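Enquirer: Quick one: the structure is below, and I'll ask about it shortly.
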Amino acid sequence: MRHGWRFPLFAALAMLSVQAPAFAQGITLRVGHFPNITHAQALVARAMERQGKNWFADRLGPGTRIEWYAYNAGPSAMEAIFAQSLDLTYVGPNPALNAYARSRGDEVRVVAGAVNGGSALVIQGDSTLSKPADFKGKRIATPQFGNTQDVAARAWLVAGGLRITQTGGDAQVVPTTNPDQLTLFQSKQLDAVWTVEPWVSRLESEAGGKVLVEEKDAITTVLVSGAGFLSKNRDLVKRFVAAHRELTEWIRQNPDEAQRLAREELQATFKVGMAPELVARAWTRMNITPDVTLNAFQSFVSSAQAVGFLRGAPDLNRLIEAP
């Protein structure tokens with residue numbers, strides 16, 4: 001998997017000229033997600049499929065198949081949307097917003113919310129760090145350059161008076177995959193990590209970390225479609241979003257069963273074993289919701305601008321589109 005944000009817009013736009021065919025029976029829908037608890041809908045749906053319960057496919061029409069693709073973080077998933085190797089993806093708001101802005105609002109649509117909360121800045125258990133200025137000369141890991149937590153970390157440090165560039169500055173922000181974050185944090189090679197669940201809870205329980213900043217209400221995961229794909233397959237996307245909303249409500253009504261399914265999927269696909277207590281702990285930090293508003297994205301615009309990921313103020317009027 002590639003690291004770092006590379007946005008081949010010229011290639012993506014060229015590929016968009018090759019339009020997807022109209023959907024009919026026997027179609028395969030390609031959906032992206034991450035191996036994180038904050039992508040609960042995808043994890044639960046995949047686990048259900050292993051039990052022969054095809055939540056999405058059964059609601060999309062006869063012969064429909066879902067193919068799932070896993071990514072470490074948002075920029076890679078958005079590259080796949082532009083390359084037309086994904087049809088829909090669960091992703092963080094900042095990569096979606098960055099892709100939308102870079103394509104001048106033409107190629108990306110947020111079609112539903114998924115999860116709020118579940119992200120945090122974790123420091124070493126014996127650390128005395130308490131404010132951004134304390135992080136001068138420190139190393140802070142994030143899941144991927146330009147992803148939601150990466151932007152949040154940089155913006156928090158900048159707001160606290162530090163000079164942070166995309167390659168260095170007063171503190172070193174180090175894009176690092178989540179499993180490597182845990183290993184490096186345990187060996188004290190990182191002073192802090194800004195990440196999402198279940199890694200926040202794992203850093204606490206397995207590495208003795210403590211939470212310094214918790215983003216309780218911030219958008220963590222949304223459901224995104226390419227604008228062209230949505231335009232040509234609106235009914236299909238509408239049915240997928242309806243199934244997504246229905247699944248979200250099922251998860252809210254059945255948290256214990258949903259947590260069990262999420263654990264099983266993490267183990268089966270990603271070989272990540274998690275104790276029930278760990279997942280339950282992570283679950284308490286999340287608000288699983290299919291709703292998302294334009295106002296909620298405004299803070300992400302400000303943060304992305306502050307750290308140089310966005311130039312100017314993009315018009316967000318087309319960002320969210322209910323199919």
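The values are calculated or read from the model by the stated rules, or taken from the named source; none is laboratory data. Nothing here was measured: the structure is a model prediction, and the numbers come from that model. Glycine also receives a Cβ, built like all others from the backbone with ideal geometry; neighbour counts cover every protein chain displayed. Accessible surface areas use protein heavy atoms only, side chains included; no ligands, DNA or RNA. Shrake-Rupley method; radii C 1.70, N 1.55, O 1.52, S 1.80 Å.
Enquirer: Given labels modelled 7 Å from the Cα in the Cβ direction, how far is it in nm from Asp256 to Ala133?
Expert: 5.0
Enquirer: In addition: So how far apart, in nm, are the two label points at Asp180 and Arg65 if each is 7 Å from Cα heading toward Cβ?
Expert: Calculated label separation equals 3.3 nm.
Enquirer: Roll a 1.4 angstrom probe over the protein heavy atoms and tell me the percent of accessible area of region 55-101 that is carbon or sulfur.
Expert: On the way: 560 of 1130 Å².
Carbon with sulfur: 50 percent of the solvent-accessible area.
Enquirer: How large a share of the accessible area of region 182-323, in percent, is made up of carbon and sulfur atoms when the probe is 1.4 Å and the other protein chains stay in place?
Expert: Numbers: 2960 of 6450 Å².
On region 182-323, the fraction of accessible area on carbon and sulfur atoms equals 46 percent.
Enquirer: Give the distance, in whole Å, between the Cα centre of region 187-227 and the Cα centre of region 64-85.
Expert: 21
Enquirer: Calculate, for the chain, the solvent-accessible area per residue in square angstrom, rolling a 1.4 angstrom probe over the heavy atoms of the protein chains. List each step's numbers first, then the result.
Expert: Values: 13160 Å² over 323 residues.
Dividing the accessible area of the chain by its residue count gives 41 Å².
Enquirer: Right, something else. Give me, ordered by chain and number, the residues 5 or more places off Glu215 or on other chains with an amide H under 5 Å from its own placed amide H.
Expert: Placed amide hydrogens put Ser119, Ala120, Leu121 under 5 Å from Glu215.
Enquirer: Would you kindly derive the ³J(HN,Hα) couplings of region 133-146 from the backbone phi angles with the Karplus curve 6.51 cos²θ - 1.76 cosθ + 1.60 (θ = phi - 60°), listing them in order in whole Hz, with x for Gly and Pro?
Expert: Values, residue by residue: 4, 5, 8, 4, x, 9, 10, 10, 8, 9, x, 6, 4, x Hz.
Enquirer: Let me ask something additional. How much FRET efficiency would the formula 1/(1 + (r/R0)^6) give for Asp315 and Asn287, where r is the Cβ-Cβ distance and R0 is 30 Å, rounded to 0.05? Could the numbers behind the result be given before it?
Expert: On the way: r = 28 Å, r/R0 = 0.93.
With R0 = 30 Å, the Cβ-Cβ based efficiency is 0.60.
Enquirer: Additional query: Hey, what do the phi angles of region 103-110 turn into as Karplus ³J(HN,Hα) couplings, whole Hz, using 6.51/-1.76/1.60 and θ = phi - 60°, x for Gly and Pro?
Expert: Residue by residue, region 103-110 yields 8, 6, x, 8, 10, 9, 9, 8 Hz.
Enquirer: How high is the FRET efficiency between Gln166 and Arg50 when r is their beta carbon distance and R₀ equals 25 Å, given to the nearest 0.05?
Expert: On the way: r = 41 Å, r/R0 = 1.62.
In this case the efficiency is close to 0.05.
Enquirer: Between rounded, prolate and oblate, where does the chain land on the alpha carbon gyration tensor, with a ≥ b ≥ c its root eigenvalues, rounded for a/c under 1.5, else prolate if a/b exceeds b/c?
Expert: Values: a/c = 2.00, a/b = 1.28, b/c = 1.56.
Oblate.
Enquirer: Amide H to amide H under 5 Å from Thr176: which residues, 5+ apart in sequence or cross-chain, H placed 1.01 Å off N in plane?
Expert: For Thr176, whose amide H was placed from the backbone, the distant partners under 5 Å are Thr142, Gln144.
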